[in-house]
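In what follows, a single structure is set out as C-alpha cells and then discussed.
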Amino acid sequence: MGFRLLKYSYIVVFFSIFSCQSKSSKQYENNIKAITQSIGVEVKENSSNDSTRKQIFSLITWNVQDLGRTKNAEEIIEIAKILKNFDLVAIQEVVAKDPAGAQSVAKIVDELNRMGSKWDYQISNPTKSQSVYMSERYAFLWKTSKVSLLKKAYLDKELEDKCFREPYMGMFKLRKGETPFYVVNFHSRKHNDHPEEEIKFFKDYPKRLNTNNIFIVGDFNLNERHKVWNDLYNLGFKSAVKNKKTTLKMKCKKDVYLNHSIDNIYYNSAEVQIVNSNHLDFVKSCDNLKTARMLSDHLPVFLECIID
C-alpha cells in the first residue's frame, strides 16, 4: 500500500502509589509526572513518498473524567503529554456548571502549545440536558498545521430532545487534503438508562450531513457488539477497536484494572483506510491505578488512517 504502520512505543510505567497521599504532596507530584514518561507516545513519520504521507491523519477521543476543578496543574500537563502527538482530539465530560471546565480545556491547549506544535480549540455550550448536574460541555482540539475547522462546531439541536447530552459536531479538513469530514463527539446516557435509545439516531447522519466522511467518537456506555450499531454497520461503518476495555476499575481484582468496553470511534470503511487503532493504556499495572485515575477513569481511544 506504499506505507508502513505507524508505531507507538509504550515504556513500562515505574511509579509507586502511596496510601493516604494527598494531591498536594511531593510524592503525588512525582507519581503523576511519571505517567507520560511511562507511555512515551510517539507518532513516527511515514517513510514512503510525500503524496502518501499527506493523507495520514490521527484522531483520539477521551472522556477526561470531570474535567474542571478536579484537575490540578500537574494533571493538566500530563493530559497534554498524552494528547500531543495526535492531530485532532475530541474530549467528553468537560464540566459545564461553572467556568472551570472551559478553563481547564484552555489550560490543556496552553500546555500543548508549549510542546512543539500550534493548537487551536473550540468548546461547546452546555448541553441541553434534563438537569445542570447532567449537562456537560464537549471540546475539539487540533493541530493547526494538520487540520482546519471549516465552520464553527455546534451542538446537534435536532437531537437535543432525544439525548441526555446532544452530540457536538465539527466539520474539518486536512490542511493537505481535499475532502471535508465530520466528527460527531458524544457522551451517552448511562448504561442502565438505555443509551441505545440515543445511538439509534446516528444512522441518519450520512443522509443528514450528505456524506459518509463521518467519525462518530466518544463514550457510548455500551460496546461495539450491541445490535444498535447494526444499522451503521450496514451502511459501511466499522468500529476502530473491538473487544478493548476502556474504563478503569476502582480497585484491581486479580491483577485486572480494566472494566468495560464503551469508548470507541466509528468510521466508514469505504472512505477511510485504517493504519492503526487501539486504546491508549496509560495505566499498565495495578500499582499505578490510583494515580492514573486522577487523570480519568477512561482510557483514550485512537485511530490513524488515510483519507483523501
Among the residues of the stretch 218-240, how many are within 22 Å of Trp62 (Cβ to Cβ) and aliphatic (A, V, I, L, M)? 3
Just give me the residues in the stretch 237-293 being among the polar types (S, T, N, Q), farther than 21 Å from Phe86 by Cα and assigned to a loop (DSSP other than H, G, I, E, B), in sequence order. Asn243, Asn259, Ser261, Ser285
Considering only residues of the stretch 113-154 that are of a type in the set (Val, Ile, Thr), over 16 Å from Asn63 (Cα atoms) and at pLDDT 95 or above, which is least open to solvent (accessible area, probe 1.4 Å)? Val147
For the stretch 258-278, which positions are open to solvent by 30 Å² or more (accessible area, probe 1.4 Å) and touching a Cys at 6+ places or on another chain (Cβ under 9 Å)? Gln273, Ile274, Asn276, Ser277
Of the conditions (1) open to solvent by less than 20 Å² (accessible area, probe 1.4 Å); (2) within 19 Å of Tyr182 (Cα to Cα); (3) without any contact (Cβ under 8 Å) to a residue 40 or more places away in the chain; (4) aliphatic (A, V, I, L, M), the single one that Ile108 does not satisfy is (2)
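The values are calculated or read from the model by the stated rules, or taken from the named source; none is laboratory data. Keep in mind that what you see is a predicted model, and the values were worked out from it rather than measured. Neighbour counts are summed over all protein chains in view; Cβ atoms, including those assigned to glycine, are modelled from backbone coordinates with ideal geometry. Side chains included, ligands, DNA and RNA excluded: accessible areas come from the protein's heavy atoms. Shrake-Rupley method; radii C 1.70, N 1.55, O 1.52, S 1.80 Å.
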